[in-house]
Amino acid sequence: MQGGMWGVGVSLVALMMACSDPYMMTLTVFETPSRYVRLAIDPTVSLDSGFSHPVAIDPDGMATVLKGMMVIEPDSFIPWPFKEDRPPRHPLFSEADIRFWAPLLAKALDSATPEEVVTFYQSDDISAVSREVTSGGMFVKDQLLYFVLSNYRAPSQFMADYGAADTLDDRRNPLRSMAPQQITLQFEPDSLVVASQENSQSVGLSLQRRAIAVLFRQLPILPPG
């Protein structure tokens, strides 16, 4: 049963990450110049096989989901004076970010239709000329919450190998990967992550590292903070 649900979600996640441009934004739940939560229609989903939306997850429950998201970054070769002081494996969201995102993402899932996915976007200024973008999306299918991390602190202007700058508006494409990133997305506790070796091979290693499916209704609600 769980393997079947993951198999359905895997194909949907693959479309989210590889073919995000056709998505049409339908509703803005929250928006500032640096952050937003929006709903978007997935044109590949039919009514008879749509997502399990709307779905009610209270803010505390969503906060528990976000607290469980962990990121593993590869070791950096940047020398110490310029290297950020954080371990290779660390929470995806800070406590302040969880308090900010949890009620908005919960509201978005409760407003979504079976054809819509929830997208989020955050841009942080690094200097007067550079920004880092974290973005992705989520949806619920049956008993699983699928979380896709499209970008994690990705540079807003990535220079490709051929030397041409990516000039696409990163705000328009929260599900589009802006630059190659060797990060891995994990979840705690890992006993509630649904996956299989067969299905992970079908989507490829790079996709598997940045998408996760969680039995969210089995999570204990953690106290704030």
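The values are calculated or read from the model by the stated rules, or taken from the named source; none is laboratory data. All values derive from a computational prediction rather than experimental measurement. Counting neighbours? That spans all protein chains shown, and the Cβs are built from the backbone with ideal geometry, glycine included. Side chains are part of the model used for accessible areas, which takes the heavy atoms of the whole protein and leaves out ligands, DNA and RNA. Shrake-Rupley method; radii C 1.70, N 1.55, O 1.52, S 1.80 Å.
Structure values in brief
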| item | result |
| --- | --- |
| Condition check for PRO43: in contact with an Asp or Glu (Cβ under 6 Å, 6 or more places away or on another chain) and either more than 20 Å from GLU132 (Cα to Cα) or modelled with pLDDT under 60 (or both) | no |
| Among (1) at pLDDT below 90; (2) open to solvent by 40 Å² or more (accessible area, probe 1.4 Å); (3) assigned to a loop (DSSP other than H, G, I, E, B), the one test that PRO174 misses | (2) |
| Selection from the range 96-121 of residues that are free of Cβ contacts under 8 Å to residues at least 60 places away in the same chain and more than 15 Å from the chain's Cα centre (by Cα) | ALA96, PRO103, ASP110 |
| Qualifying residue in the range 154-162 (condition: among the hydrophobic types (A, V, I, L, M, F, W, C), open to solvent by 10 Å² or more (accessible area, probe 1.4 Å), assigned to a strand (DSSP E or B) and modelled with pLDDT under 75) | yes |
| Residue satisfying condition, being touching a strand residue (DSSP E or B) at 6+ places or on another chain (Cβ under 6 Å), of a type outside the set (Asp, Glu), surrounded by 14 or more Cβ atoms within 10 Å (Cβ to Cβ) and modelled with pLDDT of 95 or more, within set MET62, MET70, MET5 | MET70 |
| Flag if VAL55 is surrounded by fewer than 19 Cβ atoms within 10 Å (Cβ to Cβ) and modelled with pLDDT under 55 | no |
| Subset tally (residues that are over 20 Å from PRO103 (Cα atoms), open to solvent by 10 Å² or more (accessible area, probe 1.4 Å) and not polar (S, T, N, Q)) for the range 115-140 | 8 |
| Subset of the range 83-123 [within 23 Å of PRO59 (Cβ to Cβ) and of a type in the set (D, E, K, R)] | GLU95, ASP97, ARG99, LYS107, ASP110, GLU116 |
| Residues of the range 203-219 satisfying the condition of being modelled with pLDDT under 85 and open to solvent by 80 Å² or more (accessible area, probe 1.4 Å) | LEU205, SER206 |
| Criterion violated by ASP124 - all others in (1) farther than 16 Å from PHE216 by Cβ; (2) more than 17 Å from the chain's Cα centre (by Cα) satisfied | (2) |
